[in-house]
Amino acid sequence: MDVKAQLAEQKEIVDRRIKELAESWRRGGGNDGDVISAMEYSLIAGGKRIRPILAMASYRGCGGGDERAWRGAVALELIHTYTLIHDDLPSMDDDDFRRGMPTCHRVYGVRTATLAGSSMLLAAFEELAGCCRELELGDKISARAMSGVASAVGGGGVVGGQVVDLESEHREIGRDTLHYIHSHKTAALLRVSCTLGGILAGAGAEKLKALAAYGEDIGLAFQIVDDLLDVEGDSAQLGKTAGADQARGKATFPSLYGLEESRKLAAAAAERSCAVLRRRDLDPQGVLAALARFILDRSC
């Protein structure tokens, strides 16, 4: 499989749908033109669109075939972008660049960027609710989809991981705390991207459990590779400042495990993720396995 070609094709779908969504926000009018501009700026800045692609691959792996599911998948990209906008704020990581462009608050100011991130999160749930309605999933499955995503983003997921991450800066922490941070801050949204696809397709408990395990492991691999790139990567290629984690005193996989052991951990996580797919026959076309390998081998 030519995974790069597959990703490029899927990314084009996500990009087109995001553009259409931004246009619909503008048609809606109101007094939030600057906020919408900030949202659109952050969304069209680029990105690999891994989360919606994962959701659709999981959806298809569980037998789903309705293209309207893309609406729910794209909601995950809105959530991801919200986390990036807020993560970059001066009160958080105070980053200057994201995806090779000045961060949202550097262009639009802190207040507008904060509101843009919050609006993005709300828009995501509006899109997810609309997807469930269009697919006629019924109240029980719709509630499961909505609550699953909300739990992954809140205190038991991304927000909880961010809290511990910020509290751990310039402190010595153990490996358990490091894994906690990234299981929540990074892996939670990747994990729910996979399980959301299964839920939208009507998958049973065992398949959802397998998708969650796959998502957890690729989330671990993703974060380890991210940490390695922060040490070994180039700012221009990464689209953000290389070495920023060390400058902030953040604990990373290389700082606790070393470079070589970190590479081994990432490779083992990617292999576990593929093994769980094989056991449950969740990847007949090999897309999810290819995504795991792409995450492991990425250079930005």
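The values are calculated or read from the model by the stated rules, or taken from the named source; none is laboratory data. From a predicted model like this one, the values you see are computed outputs, not experimental measurements. Because the Cβ atoms are built from the backbone with ideal geometry, glycine has one as well, and the counts that use them run over all protein chains shown.
Couple of notes before you dig in:
- Among the residues of this structure, residue 88 does not count as one that is farther than 25 Å from residue 195 by Cβ and at pLDDT below 95.
- Test: residue in segment 178-196 that is of a type outside the set (A, V, I, L, M, F, W, C), surrounded by fewer than 17 Cβ atoms within 10 Å (Cβ to Cβ), under 29 Å from residue 278 (Cα atoms) and within 21 Å of the chain's Cα centre (by Cα): yes
- In segment 153-177, the residue that is farthest from the chain's Cα centre (by Cα) out of those that are within 16 Å of residue 245 (Cβ to Cβ) and among the aliphatic types (A, V, I, L, M) is 173.
- Of all residues in segment 5-46 being β-branched (Val, Ile, Thr) and touching a Lys or Arg at 6+ places or on another chain (Cβ under 8 Å), the one that is surrounded by the fewest Cβ atoms within 10 Å (Cβ to Cβ): 44
- Verdict on residue 25 being in a helix (DSSP H, G or I) and either farther than 24 Å from residue 154 by Cα or β-branched (Val, Ile, Thr) (or both): yes
- So residue 112, is it under 13 Å from the mean Cα position of the chain (by Cα), farther than 24 Å from residue 4 by Cα, touching a residue at least 40 places away in the same chain (Cβ under 8 Å) and part of a helix (DSSP H, G or I): no
- Wholly within segment 144-247, helices (runs of 4 or more DSSP H) carrying at least 1 residues that are touching a His at 6+ places or on another chain (Cβ under 9 Å) and over 28 Å from residue 123 (Cβ atoms): 205-232
- Among the residues of segment 1-13, the ones that are in a helix (DSSP H, G or I) and either of a type in the set (D, E, K, R) or within 24 Å of residue 107 (Cα to Cα) (or both) come to 4 in all.
- Some residue of segment 252-259 being more than 17 Å from residue 4 (Cβ to Cβ), assigned to a helix (DSSP H, G or I), in contact (Cβ under 8 Å) with a residue 60 or more places away in the chain and under 21 Å from the mean Cα position of the chain (by Cα): yes
- Positions within segment 123-166 being acidic (Asp, Glu) and over 17 Å from residue 76 (Cβ atoms), in sequence order: 136, 139, 165
- Members of segment 277-300 that are of a type outside the set (D, E, K, R) and outside any loop (DSSP other than H, G, I, E, B): 277, 287, 288, 289, 290, 291, 292, 294, 295, 296
- Residue 114 over 21 Å from residue 146 (Cα atoms), hydroxyl-bearing (Ser, Thr, Tyr) and buried (at least 21 other Cβ atoms within 10 Å of the Cβ): no
- Considered as a group, the residues in segment 34-63 that are touching a helix residue (DSSP H, G or I) at 6+ places or on another chain (Cβ under 6 Å) and not in a helix (DSSP H, G or I) include one that is nearest to residue 210 (Cα to Cα), and that residue is 62.
- Some residue of segment 204-211 being among the basic types (Lys, Arg), crowded, with 24+ Cβ neighbours inside 10 Å and at pLDDT 95 or above: no
- Applying the criterion of being in contact with a Leu (Cβ under 9 Å, 6 or more places away or on another chain) and part of a helix (DSSP H, G or I) to the residues of segment 87-107, the residue that is surrounded by the most Cβ atoms within 10 Å (Cβ to Cβ) is 104.
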